[in-house]
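Here's the structure, in structure tokens; my notes come after.
The values are calculated or read from the model by the stated rules, or taken from the named source; none is laboratory data. This one's a predicted model, so the numbers in the text were calculated from it and none came from an experiment. Here the Cβ is made from the backbone with ideal geometry for all residues, glycine too, and neighbour counts use every protein chain on show. Calculation scope for accessible area: heavy atoms of the full protein, side chains included, ligands and nucleic acids excluded. Shrake-Rupley method; radii C 1.70, N 1.55, O 1.52, S 1.80 Å.
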Protein chains: 2
Amino acid sequence: MPLDRSIIARLSLFEGLGPAELDSILRDARSVRFAKETAIFEQEAEARSFYVLLAGHIRVVRTTPDGRQVIARYISEGEIFGVAAALGRLTYPATAIAAVDCVVLVWPNAVWPDLSSRFPVLAAGTFKTVGARLQDTQARVMELATEQVEQRVASALLRLVKQTGRKTDAGIEIDFPISRQDIAEMTGTTLHTVSRLLSAWEERGIIVSGRQRVTITDAHRLVMLAEHRDG
Amino acid sequence: MPLDRSIIARLSLFEGLGPAELDSILRDARSVRFAKETAIFEQEAEARSFYVLLAGHIRVVRTTPDGRQVIARYISEGEIFGVAAALGRLTYPATAIAAVDCVVLVWPNAVWPDLSSRFPVLAAGTFKTVGARLQDTQARVMELATEQVEQRVASALLRLVKQTGRKTDAGIEIDFPISRQDIAEMTGTTLHTVSRLLSAWEERGIIVSGRQRVTITDAHRLVMLAEHRDG
DNA sequence: GCGCCAGTTTGCGCCAGCGCAAATCGCCTG
DNA sequence: CAGGCGATTTGCGCTGGCGCAAACTGGCGC
């Protein structure tokens, strides 16, 4: 059963491509479902495929030799990921884990040279995504190097809300389960410190939170916290 | 006066290209000299060109809104840099400064689409470099998030030595002037802490150092320091 | 050859945030 | 609806490394 082009037509990555072209691209793809907390690919494994996330949220995690984990980023719907091969790498540099039940499109790496040369828009879009990621990662280096923990955690929450925020009556909620431990692994601190910070912010009415759930109720004050030393 | 193809023939980026192709690539380039401590391009400036370093060493620096600096990386001979435009960015994300007198080749961005499609090897090599940089940057995030200052400084020195080390009778020396402040800006600490660490290491015979100069005399013990908590 | 200055060293006090431990709380399962 | 488990909260003590300040030094320019 061939995939219907409507599933990718709306994605910015494929913008400007015609129906026949979309069909041609989809001919090499298959759609796969991943249950919550299962791995799409693993760090160090041979890179055989690249992916586009159709539905869900994915956590990209790197593990140090001594077993400590760091969350490199979250992938949102419509993003391309696992493009190691296009960047000349033979293995994936990180593990991708479904944060919720996910649906992804999968292409074998072998089709990339052909696909990218036939559809320069696609290649350009992919490299633009990579460029943006490089930029983000460098911004994180700067944050880790120059900012205090409180600023870093505030920034991380704001980034998550911006990327995946869902409006509720209480405020804007992060759209997938995220633990204190996860936030700690994004910001280079411990779950204890994150917990203390969130508690303090909740007391001051800036957020409300629960088990694996965070809602920002006063984004403005959180921005102040992220930027300055007051708030 | 046209540039001679011999200046780039030996670079891995242009590997596998014939004389006519090299000449064709060089036709669009010009060679420029930058004096020590001058800027090749500035953060936030419109990206008009991309570059290849022919001789010297370049420091890539990002500045935070409040004026703190972080060294993103050092560029060595033969590397391509300033490729913002190929990644879909309109401005440079960082400032590039000649750490010593440098010679660079400069191409206007306008020729990139043509050049990269005519010479896929060149495009692939460029994206491979970008991929490696993304990898490096993520590795730095992990280091900043999980390691102590001592480990980070040791790792930074080892990376510099590996990238640009020059053998002397005392050991392996970093091939360009580098201050305690520079090392601090690479590792997210202060020049004071770096100075204390280097003094301690010098006392233990692991390095010898002077004004803007570091020589590793016992790389093995420095590796131990970078990995564990002893040494 | 001398003076100046950027780069470096070092002492001291302090505190942000980690590590450890224990209690508590929600949620899911049976 | 009871039990159990993973997530969260919170107290306490400690310390790595920062901030400040002052002294020192190697090299370059005059």
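A few comments on the model shown:
- With 40 Å² as the minimum drop in accessible area between chain alone and full protein complex (1.4 Å probe), the qualifying residues in region B:68-105 are B:R68, B:V70, B:L87, B:R89.
- The share of Cα pairs per 10 Å bin across region B:39-89, counted from zero up to the longest distance, runs 22, 53, 24, 1 percent.
- Here the gap between B:V223 and B:D23, fully extended at 0.36 nm per residue and compared with their Cα-Cα distance, gives a gain of 67.6 nm.
- Only the Cβ atoms of Lys and Arg (+1) and of Asp and Glu (-1) were treated as charged; on that basis the dipole of chain A about its Cα centre amounts to roughly 40 debye.
- Contact order normalised by residue count of region A:6-144, Cα under 8 Å, 6+ apart, percent: 32
- Positive-end extreme of charge dipole, region B:1-144 - chosen from B:F41, B:A84, B:V70 (charges on Cβ): B:V70
- Our estimate of slack between A:E46 and A:A132, defined as 0.36 nm per intervening residue step minus the Cα-Cα distance, is 28.5 nm.
- The share of accessible area on the protein assembly as shown that comes from carbon and sulfur is 51 percent, using a 1.4 angstrom probe.
- Amide hydrogen neighbours beyond the local backbone of A:E79, cut-off 5 Å, H modeled: A:L53
- Projection of the Cα convex hull of the protein assembly as shown, averaged over all directions and equal to a quarter of that hull's surface, yields 24.4 nm².
- Nearest-20 debye value, region A:150-231 charge dipole, Cβ charges on Lys, Arg, Asp, Glu: 80
- GNM remark for chain B: springs join alpha carbons under 10 Å apart, and the peak mean-square fluctuation among B:A145, B:A85, B:A124 falls on B:A145.
- Heavy-atom accessible surface of region A:6-144, averaged per residue, reaches 43 Å², computed with a 1.4 Å probe.
- Close amide H contacts of B:R73 (hydrogens built in the peptide plane, cut-off under 5 Å, sequence separation of 5 or more or a different chain): B:V60.
- Equivalent ellipsoid dimensions for region B:148-227 as semi-axes, Å, which come from the Cα gyration tensor, largest first: 17, 14, 12
- Cα-based Rg / Dmax (Å) for chain A: 18.9, 58
- Computed with a 1.4 angstrom probe on protein heavy atoms, the A-B interface buries about 2900 square angstrom of accessible area in total.
- Principal axis box of region B:177-221, alpha-carbon based, largest edge first, Å: 24, 19, 16
- Average accessible area per residue (Å²) across region B:148-227 - probe 1.4 Å, nucleic acids and ligands excluded: 49
- Label-point gap, in nm, between B:S117 and B:E77 - each point 7 angstrom along Cα→Cβ: 3.6
- Region A:8-40: GluC sites (Glu not before Pro) falling in loop per DSSP and having at most 11 other Cβ within 10 Å: A:E15
- Chain B: most fluctuating residue of B:A20, B:A200, B:A98 per GNM, C-alpha cutoff 10 Å: B:A20
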